[in-house]
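I have placed the structure first, in the form of structure tokens, so that the comments after it can refer back to it.
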Amino acid sequence: MIPEIGYFSLTLAMVLSVLLCIFPLWGAHTGNLRLMRAAPSLAVGQFAFVLISFAALIYASLTDDFTVAYVAYHSSSTLPWYYKITSTWGGHEGAILLWLVMQAGWTAVVAMRSQSLPWILRARVLGVLGFLGVGFMLYTLLMSSPFELLLPYYPVEGRDLNPLLQDPGMIIHPPLLYMGYVGLSVSFSFAIAALLTGKLDNTWAKWSRPWTMTAWGFLTLGITIGSWWAYAELGWGGWWFWDPVENASLMPWLVATALLHSLSVTEKRGVFKSWTVLLAIAAFSFSLLGTFIVRSGIIVSVHAFATDPDRGLFILAFLAIVVGGGLALYALRVSEVKSEGRYKLVSREVALWLNNIFLVVATLIVLLGTLLPMIHKEMGLGSISIGEPFFNKMFAILLVPFAILMGIGPLLRWKQNKWAFLQNKLLLCALASIAVTSAWLFLGYDDVAPLTLLATTLAVWIVFTTVLDIVDKTRVHGSLQNGLKRLSVSYWAMVLGHIGIAFVIAGVTLTSAYSVERDVSMKPLEVVSLNQYDYRFEGVKDIRGPNYSGHAGVVTVLKEGDKVARLYAEKRQYDIGMQFMTEAAIDAGFTRDLYLALGEQLSNGGWSLRIYHKPYVRWMWLGGILISLAGFMILGDKRYRNNKKREQKNQSEVA
Amino acid sequence: MNRKFLALLPLLAFVLICVFLYQGLFANPRELQTGRIGQAMPSFNLPDLMQDDKRWQQTDLQGEVYLLNVWGTWCPTCLAELGYLTQLREQGVKIVGLYYVQSYDSDFDGPFDMDSLREEVSTMLSRAGDPYQFNILDLERTLALDLGVSGAPETFLVDSNGTILLHHTGDINPRVWRAKFAPIMQELTP
């Protein structure tokens, strides 16, 4: 009964989204205000029905309704209740339904929060979002319904959720990532609506900016948590593998980052308009491309989702219509757009333009690295594999000019700048960062590689120049207190974002350079030491969880005789699939992580253990969190709130 | 004109990508382009896994149709296929194991701990079934390299003249056997 409600409700939502696609777009085309006015309620209605549908799946999962094929394949009765809920997005069909919830949710929020927009634009934005909704719902209903039944012969027990996905990180990672992917569809819709209207002015950029920032914030957080999940759950201490699925999330992030920098130029200065629109289309296109890569099985990946060429074909067709249509419209309209502002070589415009160049080049590197093996093979040139060394090298090369620019850019003013003005300050910053970094690294470590020193210096450089910029900007207003108050929320968002990047750079660099690991075989009460820490193996005890059993290696960590932590490195065997899972024990710290994974029992009675000492690894995720906060902060900016007063004015314009 | 063309460029690039994606959709990415099919088994001279003084050469294997199964105790999928392979052995299929040592480098790692490996192997085989006539130990992975092995499990079907007829990556289960191996086996044994 309940699954049928879910399916039926989704069908209703689809009907509403068809209307949402047709009514406002037709209304905007013919100037029919009544049709356009229907859009917001259609959007909210669509969201309500999608939500009912999703609730039905969650209900089926919570009540162990194994007549539903999806629940039987991805859940089991012994699963704790929270994992029963997360199992609804642990598989393909459910994940797409979650995507739909996000899509409909964003559409509803846009419908409610866009009163200040002129009706023509508002209707077109919602219409385009409606069109995207139709595509995904059609896909769900026809190709991947999570409500398929296994009647009359249904199993008494489900196959259980993949143990890898039974982790807190997995509870939030996909929803956040999808929030980001789908959120970019709002930027896309704004761009398409602006192209349809033919008015690519800075108001368009202003409206698009908070939505883009929010979506980008979610995407950042999603990627960060995904990386953390890989680190904590996969048991070999890695945090990024340049896997096609990870690349699929990195590409939209890079483009979206370029987009929000470009949006700020377009908003404030009225330049780069056509470029910004292209980035807005590209950002969502990469989200869709990522989905296609992940869901079609076109590229073999460790994430290996169930694959099916029919589904891939549908997504590809949808991709072709949405992206191809968007780019065709772009080609038609954009040649009419003229740039207004003027600027000199040393100016913030040029700095942001360079930033865009670097980010786009980075995106292309990732795209090539991901697709080249496939293209190479199709052209009959044989199999090649592109892996970590390629990406690491390329990103290391790009990082240097990018980070230097990141320090200088914020200090520059719009239009033009006297280079001589900045020269001394920048030189001072550069010397200070070299001095501080050298002191930090040479005092802490015996061996400092030039590349490590360079990358860390760049991270410190970003922090120093950012602080210099804050000081500079506050000094204009007399006292420090007075000055700090005057700085806008967007400015603080930028500061936070850049500091976040500095943390990521420093974290990645230092943990790559100074992580050490040891494979040891230990008998109870034996002690091994690694980087000033002593690990005393206390033995192995049995453990029993809700749906697994196993054993845990107990290790006491000591530093100079004092107890630092007691770690339990687990080896679990899940009851249903009988898979073995390594659950690493981590003692987290600001400047280092101690990471312990339990291996097998050896023939001599000892246990094999792998011990990692990972300095500054946490900075990477701290940076990610800071960056995503920067994205959410912009919601607090006054310029993007309290727009309601202008609403009447705009409406009278349309009438 | 120039500007119009520039504006068209993203669309053209996208169409090109789409064409490749479309083709890629119908190509099976798991299919290995092995250059070994139709070629003779490369020559080798490698020790037996279980006996110290026994060595094997490709000529020892000629004269019979056999499967060369690349495996290791470190590989869970290999463990999973042992049961079905054992059934195949009972049906009269000759299976030779090529034991793949995952990460050993004699230049760095010191002497190889043969005893513990043998113990591991016999425990696993006594538990999950032993399909092998014998096992060849490829410590330095030279034969695996010559064969184009990319991981484990992989299985080669070799005919009585020593020609490789099939290279399968992944586990062998009843479905794979029926679809890929059985037709060729039938042709070979009239």
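The number of residues in region A:384-396 being exposed (fewer than 15 other Cβ atoms within 10 Å of the Cβ) and of a type outside the set (D, E, K, R) comes to 6.
Summed over region A:516-552, the residues that are acidic (D, E) and either under 11 Å from A:Q573 (Cα atoms) or within 34 Å of the chain's Cα centre (by Cα) (or both) give a count of 2. Considering A:L254, A:L289, the condition of being in contact (Cβ under 8 Å) with a residue 24 or more places away in the chain, within 19 Å of the chain's Cα centre (by Cα), within 13 Å of chain B (Cβ to nearest Cβ) and over 16 Å from A:A191 (Cβ atoms) is satisfied by A:L289 alone.
Counting the residues of region A:339-366 that are more than 20 Å from A:E267 (Cβ to Cβ), surrounded by fewer than 18 Cβ atoms within 10 Å (Cβ to Cβ) and within 14 Å of chain B (Cβ to nearest Cβ) gives 1. A search for C-beta distances below 9 Å between a residue of region B:1-17 that is within 7 Å of chain A (Cβ to nearest Cβ) and any residue that is charged (D, E, K, R), counting only pairs 6+ apart in sequence or on different chains, returns B:A7/A:R333. Report yes if A:F218 is more than 15 Å from A:I171 (Cα to Cα) and of a type in the set (A, V, I, L, M, F, W, C), otherwise no. No. Residues that are buried (at least 17 other Cβ atoms within 10 Å of the Cβ) and under 12 Å from B:R127 (Cβ atoms) within region B:74-85 comprise B:L79, B:L82, listed in sequence order. The set of residues in region B:18-40 that are part of a loop (DSSP other than H, G, I, E, B) and either facing another protein chain (nearest Cβ under 10 Å) or modelled with pLDDT of 85 or more (or both) comprises B:A27, B:N28, B:P29, B:R30, B:E31, B:L32, B:Q33, B:T34, B:G35. Evaluated against (1) touching a Leu at 6+ places or on another chain (Cβ under 6 Å); (2) surrounded by fewer than 20 Cβ atoms within 10 Å (Cβ to Cβ), A:N162 falls short on exactly one condition, (1).
Would it be correct to say that B:R178 is over 17 Å from the mean Cα position of the chain (by Cα) and in contact (Cβ under 8 Å) with a residue 60 or more places away in the chain? It is false that B:R178 is over 17 Å from the mean Cα position of the chain (by Cα) and in contact (Cβ under 8 Å) with a residue 60 or more places away in the chain. For B:A128, the criteria (1) buried (at least 17 other Cβ atoms within 10 Å of the Cβ); (2) of a type in the set (A, V, I, L, M); (3) in contact with a helix residue (DSSP H, G or I) (Cβ under 6 Å, 6 or more places away or on another chain) hold in every case but one, which is (1). Listed by first and then second residue, the pairs with beta-carbon distance under 7 Å, at least 6 apart or on different chains, first residue in region A:370-389 and closer than 15 Å to A:V245 by Cα, second modelled with pLDDT under 75 and surrounded by fewer than 12 Cβ atoms within 10 Å (Cβ to Cβ), are A:P373/A:I384; A:P373/A:S385. When we screen A:L316, A:L399 for residues that are on the phi < 0 side of the Ramachandran plot, away from chain B (no Cβ under 12 Å) and crowded, with 18+ Cβ neighbours inside 10 Å, the only hit is A:L399. Of all residues in region A:539-549, those that are in a strand (DSSP E or B) and in contact (Cβ under 8 Å) with a residue 24 or more places away in the chain total 4.
Using the structure shown, decide if B:E187 is modelled with pLDDT of 85 or more, more than 30 Å from A:I384 (Cα to Cα), more than 19 Å from the chain's Cα centre (by Cα) and not hydroxyl-bearing (S, T, Y). No.
A:L98: assigned to a loop (DSSP other than H, G, I, E, B) and either surrounded by 20 or more Cβ atoms within 10 Å (Cβ to Cβ) or touching a helix residue (DSSP H, G or I) at 6+ places or on another chain (Cβ under 8 Å) (or both), yes or no? When the stated conditions are applied, A:L98 does not pass them. If only residues of region A:402-425 that are in contact with a Lys or Arg (Cβ under 8 Å, 6 or more places away or on another chain) and surrounded by fewer than 19 Cβ atoms within 10 Å (Cβ to Cβ) are counted, the one that is farthest from A:S264 (Cα to Cα) is A:Q416. Is it true that B:G83 is more than 22 Å from B:A40 (Cα to Cα), part of a helix (DSSP H, G or I) and out of contact with any Asp or Glu (no Cβ under 8 Å at 6 or more places or on another chain)? Criteria met by B:G83. Can you find a residue that is among the hydroxyl-bearing types (S, T, Y) and over 24 Å from the mean Cα position of the chain (by Cα) anywhere in region A:493-512? No - not one qualifying residue is present in region A:493-512.
Note on region B:63-80: residues that are assigned to a loop (DSSP other than H, G, I, E, B) and in contact with an Asp or Glu (Cβ under 6 Å, 6 or more places away or on another chain) amount to 2. Annotation: of all residues in region A:257-282 being within 17 Å of A:K415 (Cβ to Cβ) and β-branched (V, I, T), the one that is farthest from the other protein chains (Cβ to nearest Cβ) is A:V265. The condition of being over 22 Å from B:R178 (Cα atoms) and in a helix (DSSP H, G or I) holds for only one of B:D60, B:D52, that being B:D60.
Based on this model, can you work out whether A:T556 counts as hydroxyl-bearing (S, T, Y), modelled with pLDDT of 90 or more, within 26 Å of the chain's Cα centre (by Cα) and not assigned by TED's automatic domain parsing to the domain that holds A:P155? It is false that A:T556 is hydroxyl-bearing (S, T, Y), modelled with pLDDT of 90 or more, within 26 Å of the chain's Cα centre (by Cα) and not assigned by TED's automatic domain parsing to the domain that holds A:P155. Check region A:331-338 and report whether any residue there is away from every other protein chain (no Cβ under 14 Å) and out of contact with any Ser or Thr (no Cβ under 7 Å at 6 or more places or on another chain). Looking through region A:331-338, none of the residues is away from every other protein chain (no Cβ under 14 Å) and out of contact with any Ser or Thr (no Cβ under 7 Å at 6 or more places or on another chain).
Looking at A:S628, A:S603 in this structure, which one is in contact with a helix residue (DSSP H, G or I) (Cβ under 7 Å, 6 or more places away or on another chain) and without any contact (Cβ under 8 Å) to a residue 60 or more places away in the chain? Of the residues listed, the single one that is in contact with a helix residue (DSSP H, G or I) (Cβ under 7 Å, 6 or more places away or on another chain) and without any contact (Cβ under 8 Å) to a residue 60 or more places away in the chain is A:S603. For region A:232-245, does any single residue satisfy the condition of being at pLDDT below 85, more than 10 Å from every other protein chain (Cβ to nearest Cβ) and touching a Gly at 6+ places or on another chain (Cβ under 7 Å)? Yes, region A:232-245 has at least one match.
The values are calculated or read from the model by the stated rules, or taken from the named source; none is laboratory data. Since this is a predicted model, take the numbers as computed values, not measurements. Positions of Cβ are backbone-derived with ideal geometry, glycine not excepted, and every protein chain shown enters the neighbour counts.
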